Amino acid sequence: QVQLVESGGGLVQPGGSLRLSCAASIRQFSIYGMRWYRQAPGKQREWIAGISSGGTITYADSVKGRFTISRDNAQNTMYLQMNSLKPDDTAVYYCRADRANYAYWGQGTQVTVSS
């Protein structure tokens with residue numbers, strides 16, 4: 001059974017940093033494409049970053065230059081380093097694993113950016 005567990009969220013002041021983790025219980029984690037999404041209150045869930053099985057990385061314009069996605073296939077874990085956080089980054093952050101026609105989601109972790 002596939003399980004994704006996000007952690008690392010919390011309350012941070014504007015300009016601060018957080019590092020999110022997504023621990024995956026997946027066989028052959030390395031062959032999955034991995035993505036981060038977020039959903040702010042009253043808004044639709046949006047994609048913000050992705051890292052393919054081959055290591056190709058892409059970012060949404062809203063986070064480019066501030067967030068860094070990475071993965072450690074030996075630890076079955078994906079990360080999101082978030083710097084220069086803004087109040088607009090406040091959201092529940094979700095990780096997603098994709099392979100062929102299958103997609104798996106974590107339960108989300110809350111990030112709140114406020115002074």
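Can you give the relative contact order of the chain as a percent, counting alpha carbon pairs under 8 Å and 6+ residues apart?
Values: 278 pairs, mean separation 42.4, N = 115.
37 percent.
Please tell me the relative contact order of region 47-114 in percent, rounded to the nearest whole number, where contacts are Cα pairs under 8 Å and at least six residues apart.
21
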The chain: antiparallel DSSP beta bridges as a percent of all, rounded to 5: 95
Per residue, in Å², the accessible surface of the chain once ligands and nucleic acids are set aside, probe 1.4 Å: 54
Accessible surface of region 17-115, 1.4 Å probe, proportion on carbon and sulfur as whole %: 44
Table column - 3J(HN,Hα) (Hz), region 71-86, Karplus curve with 6.51, -1.76, 1.60, x for Gly and Pro: 9, 10, 5, 5, 9, 6, 9, 10, 10, 9, 8, 10, 10, 6, 5, 10
Gained length - Ser114 relative to Gln1, 0.36 nm times residue gap less alpha-carbon distance: 37.0 nm
Inter-site label distance for Ser70 and Trp47 at 7 Å from Cα along Cβ, in nm: 2.4
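The values are calculated or read from the model by the stated rules, or taken from the named source; none is laboratory data. Not measured: the values here are computed from a predicted model. Note that each Cβ is placed from the backbone with ideal geometry, even for glycine, and that neighbours are counted across all protein chains shown. Note: areas computed on protein heavy atoms with side chains; ligands, DNA, RNA excluded. Shrake-Rupley method; radii C 1.70, N 1.55, O 1.52, S 1.80 Å.
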